[in-house]
Amino acid sequence: MLRTNPVFRALWIGVLASNIGTWMQTVGAQWLVVHEANAATWVSLVQTATTVPVLLFALPAGTIADALDRRRLLIAVQLSLFVIAGTLTALTALHRAGPATLLVFTFLLGCGQALTLPSWQAVIPEVVSHDELPSASALGAVNTNLARSAGPALAGLLVAHFGSTVVFGLNALSFVVFAVALLRWRRPEQPPVKRPEPFGSALRAGGRYVRWSPVIRRILGRVLLFVLPGSVVWGLLPLVASRELGMGASGYGILLAALGVGAIAGALLMPRARRLLRTNQMIAVTGLAYGAVLLVVALVPNRFVVTPALVAAGLAWMMLVSRMNAAMQLNLPNWVRARALAIYQLVFAGGQALGAVAWGQSAEAFGLRPAFGIAAALMLAGTLAVRLWPVHTHEDDDHSSAVFWAEPHLLLQPHLEDGPVLVSATYRVAPANTDAFVSAMDELRGSRQRTGATQWGLFRDGADPAQFVEVYLVPTWEEHLRQHEGRLTGDDERVEERAVALAESPPSVRHLLPPKHSD
């Protein structure tokens with residue numbers, strides 16, 4: 001795809017440059033404080049300052065990305081990041097960047113990344129066809145993980161020879177590369193939005209979609225089970241290099257290069273692994289491999305053993321995260337894509353932030369090797385739990401927009417903000433179809449609640465057992481109109497058609513409105 005789609009290729013390279021710069025910045029900042037008192041705490045706080053902004057701003061950023069022109073938003077953010085990174089470079093060159101100042105600027109750069117991530121992820125379906133989306137999603141994850149491995153490796157070598165100032169300057173320039181790629185992309189004219197969605201309701205709609213999507217919840221849970229123990233490598237590797245293995249900055253770069261080699265191998269092997277391994281098999285293989293590497297670091301503090309083991313860690317990390325990211329993209333409708341991907345980033349970064357703090361404190365209290373041993377035990381336990389908590393991705397479902405509900409015709413015309421609105425649908429079902437109908441309606445419940453309903457129920461008439469009444473509550477009339485106008489998908493249509501086919505005729509639908517504020 002990088003060969004055949006020049007727009008995607010240019011943007012992908014721009015994002016790669018920006019991501020590499022960001023990881024170079026993290027390593028440069030970590031090495032700048034590695035000789036401070038309480039170094040383990042400072043090193044882990046640098047990682048935390050990078051990822052905490054995602055916890056604070058990822059979902060609002062995703063909401064903004066679903067509402068605004070994503071190209072213009074990304075350009076503005078990259079230019080702002082260039083100014084912030086350039087200022088940090090100047091302060092470091094003047095020896096004015098102490099640990100506290102460094103954390104402040106790291107936090108500001110993290111805020112920019114929190115705004116960038118969901119917007120970029122949501123842009124991918126705009127520059128590739130539907131058939132290319134699985135490959136593009138995987139390449140997006142490859143981009144992130146290649147940068148995670150190559151950026152720190154390159155930064156380790158640069159820090160050893162030139163110091164952190166050069167690394168910070170290159171990070172500033174990396175944002176310009178992405179901004180130029182965005183300026184050269186001519187985004188197709190987007191259809192006008194009938195009604196901009198209010199920020200608060202849009203934010204709640206994103207959270208509601210994820211809450212009522214079992215597939216998305218399983219993916220998020222699996223990512224958290226992997227990232228929490230796995231983050232020990234990224235958070236404490238500088239200390240492993242300097243204290244356990246007796247390696248300086250160049251040696252740290254070699255360890256990071258080993259992770260990078262593994263990530264590249266994972267990217268090359270990913271298409272074949274996707275064909276040979278089912279999702280849960282890949283979860284098991286990558287989790288066991290990564291857990292084994294953590295045990296090696298804990299039990300065999302030898303650079304000639306740890307370095308090749310980290311190649312396997314980079315490969316396992318790349319393949320698992322790439323697979324989960326692709327699964328997210330393939331299970332999301334466009335109307336909520338950026339918000340749901342922002343929640344994915346929130347879980348991913350939150351696991352890293354919590355892990356960085358936890359492993360830093362564990363290393364201070366028990367030592368580096370015991371901290372890696374504990375992480376290995378947690379990784380292996382989480383991997384074995386896949387038998388009890390498997391991930392079913394349903395990637396062949398149709399998540400394209402489908403407008404199949406009839407327009408509501410009312411004598412009372414409610415205001416958009418009126419609510420709550422109670423929608424009822426009355427069905428007549430033959431006794432032979434009752435059990436199948438109830439089962440189908442239980443599946444339909446998820447569709448209603450993902451797209452706007454806050455409460456749902458199915459009731460049977462005691463005086464007429466063949467009559468069933470479905471009711472669901474929507475916060476406002478505007479929210480219900482959005483269900484009519486594009487929130488439903490082809491898969492929602494399939495689920496509803498299955499339920500209706502089990503009834504004797506299409507349901508009779510009624511809209512019950514608040515008694516006030518209707519004309």
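When only alpha-carbon atoms count, how far does segment 213-327 stretch along each of its three principal axes, as whole angstroms with the largest first?
47, 25, 21
At a 10 angstrom cut-off on C-beta neighbours, averaged per residue, how do the peptides 318-331, 254-267 rank from highest to lowest?
Details: 318-331: 24.5, 254-267: 22.9.
Ranked by mean Cβ neighbours within 10 Å, highest first: 318-331, 254-267.
What does the charge add up to near LEU368, with Lys and Arg as +1, Asp and Glu as -1, over the other residues with Cβ less than 9 Å from its Cβ?
+1
Ratio of the chain's C-alpha Rg to 2.2 N^0.38 Å, to two decimals?
1.07
Pop out the Kirkwood hydrodynamic radius of segment 255-412 from its pairwise C-alpha distances, inverse of mean 1/r, in Å to one decimal.
Every distinct Cα pair counted, the radius reaches 18.0 Å.
Using helices alone, I'd like the mean residue ellipticity at 222 nm for the chain: each DSSP H run of four-plus residues gives -39500 (n - 2.57), total over residue count, nearest 500.
-24000 deg cm²/dmol
Just to confirm the number: angle between the C-alpha axis of helix 199-211 and the first principal axis of the chain, 0 to 90 degrees, nearest 10?
Around 90 degrees separate the two axes.
With everything on Cα atoms, drop me the angle between helix 6-32 and the longest principal axis of the chain, reported from 0 to 90° to the nearest 10.
50
Quickly rank 335-344, 430-439 as a protection proxy: mean count of other C-beta atoms within 10 Å, highest first.
Numbers: 335-344: 26.3, 430-439: 13.2.
Highest mean packing first, the order is 335-344, 430-439.
Rounding to the nearest 10 and keeping the result within 0 to 90°, find how far the Cα-based axis of helix 214-239 lies from the longest principal axis of the chain.
In the chain, helix 214-239 runs at an angle near 10 degrees to the longest axis.
Roughly how much of PHE57 is accessible, in Å² to the nearest 10, using a 1.4 Å probe?
80
The values are calculated or read from the model by the stated rules, or taken from the named source; none is laboratory data. Just so it is clear, the model here is predicted, and its values are computed rather than measured. FYI the Cβ positions are ideal-geometry reconstructions off the backbone, even for glycines, and counts take in every protein chain you see. Just so you know, the surface numbers come from the protein's heavy atoms only, side chains and all, with ligands and any DNA or RNA stripped out. Shrake-Rupley method; radii C 1.70, N 1.55, O 1.52, S 1.80 Å.
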